[in-house]
Each structure stands twice: as structure tokens, then as C-alpha cells.
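Below you'll find the structure, written out as C-alpha cells, and then a few comments.
The values are calculated or read from the model by the stated rules, or taken from the named source; none is laboratory data. Because the structure is a prediction, the values reported are computed rather than measured. No Cβ is skipped: glycine too gets one built from the backbone with ideal geometry, and neighbour counts run over all protein chains shown. When the accessible area is computed, the model is the full protein with side chains, heavy atoms only, and any ligands, DNA or RNA have been set aside. Shrake-Rupley method; radii C 1.70, N 1.55, O 1.52, S 1.80 Å.
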Amino acid sequence: MVEVSSTVIHFTGMQMLLITGLFLLAVLVPLYLLKRFAQIVPPVYKVNGIPSGVGGLLLMVVGILIAQAVPALYHLGRSGASVVRVLEVDVAFWWAAVQTLIPDLVTAVCLLTAIGVLIFGRTPWALRLAIVMAWLGGPLVAFLRHLYLGLPLEVAGEPTGLFFLTVVMTIYLLFSNRPALTYGTEAGRHLAEQRGVFNL
């Protein structure tokens, strides 16, 4: 008879509250600061009665991107420390150690780029770049994890959830009035012309 043992970590209610609070703090503080910085750069078009600028659901999209970037940055730092320890032991394994950093590095760079252009960019090009970076930093990184780390691709796993979330964000960014007015897309220009308002 084979005895199987497993290690299960149990958290108390206070520990879960602390972990949840720290994660919310790690997302909400940067989100608040980025909202303040985003107000420095005005939207391309302002139309009475239609919201523009980084706020509302657009700010929520930025918050979702921050929530995706925070764990990637955490894992990148943690994995980076492990890579340094491996390199101290034997430099011959440098590539095997460094390639474990690639998925989280790509995620962090892509998502931080998407956040930056959504906050500070005010051109249609910035909006398109943010969408591409959100796709590269979100669901497509799951394929890098499969390639470099050997993690399985599962239908109920990471790529599917990130895929649907990124689809919803992309639809919002492409077809909503706030992003159109904020970044000056063609739809935003038509909306401003219909209301008799041009660039501010």
C-alpha cells in the first residue's frame, strides 16, 4: 500500500484579509496616482455630455492591466533572485536559468507599455499600441510559458480567461465613445464634428 501525502497551506481569515488588502493596495494606489497623472494630458476631443479622458471604464481597463502586471512583476523579481542563486552555483546553466524569466519579463514590459500609452498617449496610434501590448502581455504570454517553462495549455486555464478578458477590453477600447474622444480616433472625430466641437 502506497501512502500519499500532500501539503496543504491553510490561511486564517486575518491572513487572507491581509493578503487581499495588500493586493488591493498594490493595484489601487498606482491606479489613483496614474489617474492624477493622466489628467495632466487632456483628451483630444471634449464634447459636452459625453465623458472623455482617462476615467470610468477606461480607468477600469487600466486597473485590469495593473492587476495583471503586479503578479508578473512579483514573479519576475522572485525568479530573478532564483536565477542569481543558480548562476552563483554554476554559470554553465545560465540559459536554462535565464529563460525562466522570459514570460514574466515579456508580460511586465508589454503591460507596462500598454498602461503607459493609455495614461499618457493621446493619439489613435497610442490606442492601437495599447491594444497590441495588452494582447502580447496577456493571453499570448501563456504560449511563452508553455514554450519556455513547459506549462501545459489548458482550455480552462490561463490563456482562456485572459483571452476573454482581453477581447472585452479590446471591444471597449475600439468601440466606446470615451476612448474615441480621448485618443482622437476617426470615430471620435466624427462624434466631435456631429456635436460641433473640434480639437481643444
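Evaluated over the Cα positions of the stretch 7-120, the convex hull gives a direction-averaged projected area, one quarter of its surface, of 10.7 nm². Overall, the stretch 67-200 carries a charge dipole of about 440 debye about its Cα centre when +1 sits on the Cβ of Lys and Arg and -1 on the Cβ of Asp and Glu, all other atoms neutral. Surface composition of the stretch 66-170: carbon and sulfur atoms hold 75% of the protein heavy-atom accessible area at a 1.4 Å probe. Taken about its Cα centre, the stretch 1-154 carries a charge dipole of roughly 780 debye when the Cβ of each Lys and Arg holds +1 and the Cβ of each Asp and Glu holds -1. Taken over the chain, the percentage of Cα pairs per 10 Å bin, counting from 0 up to the bin with the maximum distance, is 8, 27, 29, 21, 10, 4, 1, 0, 0.
The helix-based estimate of mean residue ellipticity at 222 nm for the chain, built from -39,500 (n - 2.57) per DSSP H run of four or more residues and divided by its residue count, is -22500 deg cm²/dmol to the nearest 500.
Using a 10 angstrom cutoff on alpha carbons, build the Gaussian network for the chain and name the most mobile of THR160, THR107, THR12. Per the Cα network of the chain with a 10 Å cutoff, THR12 tops the list. The listed peptides 62-69, 21-28, 46-53, ordered by packing as a protection proxy, come out as 62-69, 46-53, 21-28 (highest mean of other Cβ atoms within 10 Å first).
Rounded to the nearest 10 degrees, the angle from helix 158-175 to the longest Cα principal axis of the chain is 10 degrees. When the chain is described by a simple charge dipole with +1 on each Lys and Arg Cβ and -1 on each Asp and Glu Cβ, the residue from GLY63, GLN15, GLY80 located farthest towards its positive end is GLY63. Candidates ILE119, ILE102, ALA192 compared by Cα position along the dipole of the stretch 96-200: farthest toward the positive end lies ALA192, with charges placed on Cβ.
If you roll a 1.4 Å probe over the heavy atoms of the protein chains, what accessible area per residue do you get for the chain, in Å²? Before the final figure, lay out the partial values.
Numbers: 12190 Å² over 200 residues.
Normalised by residue count, the accessible surface of the chain is 61 Å².
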